[in-house]
Each structure stands twice: as structure tokens, then as C-alpha cells.
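Read-outs throughout are calculated quantities, based only on the coordinates presented, and are distinct from any laboratory measurement. All of these numbers come straight from a predicted model, not from anything done at the bench. Glycine gets a Cβ as well: all are built from the backbone with ideal geometry, and neighbour counts include every protein chain shown.
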Amino acid sequence: MRYKIERTFEYNKDNGPFESVSNKNNKIKKILGKYGVRTDFFGFKTALPIGVAAGTIHNLRYMEASMKDGFELLTWKTFRSEHRLAHRNNGDYLGHNIIFLPSETISKKDMGALRTGYIKQQDTPEFVSVTNSVGMPSPHPLDWVNMVKDGQKLAKKYNKAIITSVVGTARKDDDIFALARDYAFLARFAELAGEKIIELNLSCPNVSGKEGVIYKDIKSSKIIAKTAREALRDKNTKLLLKLGYANKGFYKRFLKATSEFIDGVVAINTIPMKVVDKKGKQALPGGLSSGTCGYAILDRAVEAVENLAKAKKELSLKNVKIIGCGGVTTPDGFMRHINAGAEFVMVATASLFNPQLPLQLAEYLAENKIKKRI
Ligand SMILES: Cc1cc2nc3c(=O)[nH]c(=O)nc-3n(C[C@H](O)[C@H](O)[C@H](O)COP(=O)(O)O)c2cc1C
């Protein structure tokens, strides 16, 4: 485990990652040999298209650990235009930001329902499920700009690719255009720092305020995507949108409105559930609802990727990549996303609680002689 669940997010950020991390990249290459799932991700070529989604890489130590674990595409935890600390213990709560959930699949009708969370891990690392309420903290831009630059040096050293994820901050009395300008500032700032792929997080379910789940508002999402695209100076800078769960009809309308400004979508973010502790009390700071992720959401995430793939096909959109995310804790979960239409697969929960996953995936692809091009 790279994260101490009984401690706060800020503690983990300052002291992690935990457990020693060895560089597995050569071993993975050797195991994989001629097998793998070959992809060309905006010029970055790999046969192991597994990466880390926004959320668990908050400094250079976590960045390097995930690179050493064998993840190929690394996303910075979402940055803001101001410094903000994570939700913290206020005395009533247990003083941590993540807890384990039983890995029982969340069905469509269960979404948003009540679950009990535990400090003790409920399943093996391969089937880990958690819920988190971190609250989208961020370093100040003048601090994260240096992290982004240093991250690029690490990417060169380990031959990896990086995404910078950003979210606008809705300030009092801001209209959608002001929020869009904040997203645009962040996108341009990341581009100035040398980032080539920028992700706009439109789907964090933990934060109250206008930026909460903005992807559900297609008009606003279009304004944000257009304003951010116009702020970018290099026509080769790639722009991605991070979305939550939806049906095909919704994704079709969403892509119709935004596709001219973007190069890809990442789906899904966590699924909000009401989570209590063993005594029935709110389990995490920030509100009764928290973002569920890991194995429990795999079925819903694969469904979302299928819905996106169908929507993309019906609109004949060739240039919008689908990056699958959600519930991947095993090679089987990875293959389900690929078969649903994902062109890269990202994990957050597994990067902390099953960091052996890239190695397990290489072994699986080689053992099953899987040779595929996507
Ligand atoms: C601790 C934690 C923090 C997260 N923070 C962010 C974030 O800052 N921005 C974002 O877009 N998604 C965030 N996520 C969501 C993940 O990127 C991902 O969409 C979700 O966890 C589903 O993937 P998983 O099942 O592999 O965890 C976070 C997830 C976790 C576990």
C-alpha cells in the first residue's frame, strides 16, 4: 500500500508514498516481450496502456513511485488557481479522507445509496474498493508549475507521458464565463509549464459550488471547453475532459456540443454514495456523500465507456479518444475497458492499494499471448 488509510490525505501527501518502491520497468518489458496492447497515444507509443488517473499523484515522490511501478501515463492530481488544503478532521470525524468498502458491485439502482465504510481492508488488493472525500486540495499555481516542469524531467528519464488535470474554482457571484476563464487560465498556465496534454476536470462529485458536477450541464461544459481551447497557444496541445457516469444519449449530446474543442474524454470519475461508519455516523469529512471507486464501480465504468464508444461511432468522431477509468484493479478489469472501446485505461484506487497491477497486467498479456493494436 502506498497510502496509510488511517491518516489524513495531507499526512500521506507529506510523508508518502509508503512501502519501498523498486523500478519494475525493465522486468515488465522482459515479461511482456512481443505481447501487449499496442497504442499510439498522441505520439506516445506503448504496449501496456495503463496509467494513473487524477487523484493519487500529488507530488514528485508519488509521481516517481507510479512511474517505477510501471504505469505509463501519469496524471497529476487536479490543480486549482489557488492553494487549498484537503477536507480535514473537525473532531467529529475519524481524521482520514479514504476508507474501504466491501467490493460488492454498485448496481444502477444502488447509485447514491447508503453503504458502510471500514478502516480495515475488506477484500484482497485485487478487489479493493474505497470511498474518498478529499475535497480537491491544490498547491498554489506558483508551486505546482515547478512540479509540472520537474515531472517532465522524470517523464524523460523513465520514458513516460504525463497529463496535467485542472479544475476551475467558482468564486462568489461568478457566472459561467468567469468559471470558464479560470479553467482557461489553468490550461494555458500548464501549457506554459511545458505540458502537452491537459485535462479539465468537469466531474468531481465531492465539492459543493458551481464546479461540482458541471459535465451534466452541457451548455456550460461547451463554454468551458471552448474558452480553454481558445486560451491554448500550441495547436498540438491536447485537451481532455473528465466526465462522470451517463447514458449513451447524454454522451452523444455532450460530444456533439464539445467535440470540436477537444481531443479526448476520460470517464468515469467516482460514483457518489452515502457512507457511514459502523455506528451509522457520517464516515468522512465534507458531507455524507463521498466518491466511491475501485472494484465496486467496474461494471458502471465499463458501461459508461461502452456508451461513449457508441455515441462516438454514431457521430463518426474519429479524433476524440476515449480514456477508460473506473474499477480497474485486475488485468480482467483492464481488458473489459479495452473491449468496451477504451484507448487507454487509467486507475486511481489500484495505484495506491494494488500497485503491482502493471506487473500483473504484463504477466497476464504474455501468458495469454495477447497481441492487439488499438
Ligand atoms: C484519493 C482519490 C482522489 C481523487 N482525486 C481526483 C481529482 O483530484 N480529480 C479527478 O478528476 N479525479 C479524482 N479522483 C477520481 C479518479 O481519477 C477516478 O476517476 C476514480 O477514482 C475511478 O477510478 P478507480 O476506480 O480506478 O479509482 C480521485 C480518486 C481517488 C481515489
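Some observations on this one:
- Solution diffusion estimate, µm²/s, Stokes-Einstein, region 252-306, Kirkwood Rh from C-alpha pairs, 37 °C, viscosity 0.692 mPa s: 240 µm²/s
- Separation between Cα centres of region 1-70 and region 146-191, rounded to whole Å: 20 Å
- Each DSSP beta bridge with both residues in the chain is either parallel or antiparallel, and the antiparallel ones are about 35%.
- Of the two radii for region 1-100, the radius of gyration is 1.06 times the Kirkwood radius, both from the alpha carbons; that is the Rg over Rh value.
- Both numbers refer to the Cα atoms of region 279-374; Rg and Dmax are 15.9, 51 Å.
- The GLU363 and LEU142 beta-carbon pair, evaluated with R₀ = 45 Å, returns a calculated FRET efficiency of approximately 0.55.
- If R0 equals 25 Å, the separation of the Cβ atoms of LYS248 and ASP40 corresponds to a calculated FRET efficiency of about 0.40.
- Calculated mean residue ellipticity at 222 nm for the chain: -10500 deg cm²/dmol, from DSSP H runs with n ≥ 4 weighted as -39500 (n - 2.57), summed, divided by the residue count and rounded to 500.
- Inter-label distance for THR124 and ALA257, nm, one decimal - labels placed 7 Å from Cα along Cα-to-Cβ: 4.4 nm
- Label-point gap, in nm, between ARG171 and LYS219 - each point 7 angstrom along Cα→Cβ: 2.5 nm
- Dipole magnitude for region 251-374: computed about the Cα centre from +1 point charges on Lys and Arg Cβ and -1 point charges on Asp and Glu Cβ, it is near 280 debye.
- Tail weight of P(r) past 16 Å, computed on alpha-carbon pairs of region 68-185, percent: 74 percent
- Calculated FRET value between GLU104 and LYS278, using beta carbons and R₀ = 25 Å, to 0.05: 0.90
- In plain terms, the C-alpha convex hull of region 142-223 casts an average shadow of 6.0 nm² when viewed from every direction.
- For region 76-142, the equivalent ellipsoid built from the Cα gyration tensor has semi-axes of 27, 15, 13 Å, listed from largest to smallest.
- Measure of compaction for the chain (Cα Rg per 2.2 N^0.38 Å): 0.91
- The chain - charge dipole about Cα centre, Lys and Arg +1 at Cβ, Asp and Glu -1, debye rounded to 20: 900 debye
- When MET111, MET63 are arranged by Cβ crowding within 10 Å, least crowded first, meaning fewest neighbours, the order is MET111, MET63.
- Cα-based Rg and Dmax for region 183-293, where Dmax is the largest Cα-Cα distance (Å): 16.0, 54
- Inter-label distance, nm, simple model (7 Å from Cα along the C-beta direction), LEU85/LYS157: 3.1 nm
- Here the Gaussian network model covers the chain, with springs between Cα atoms less than 10 Å apart; of GLY43, GLY168, GLY95, GLY43 fluctuates the most.
- Compared with the rule-of-thumb size 2.2 N^0.38 Å for a compact globular protein, region 29-81 has a Cα radius of gyration ratio of 1.28.
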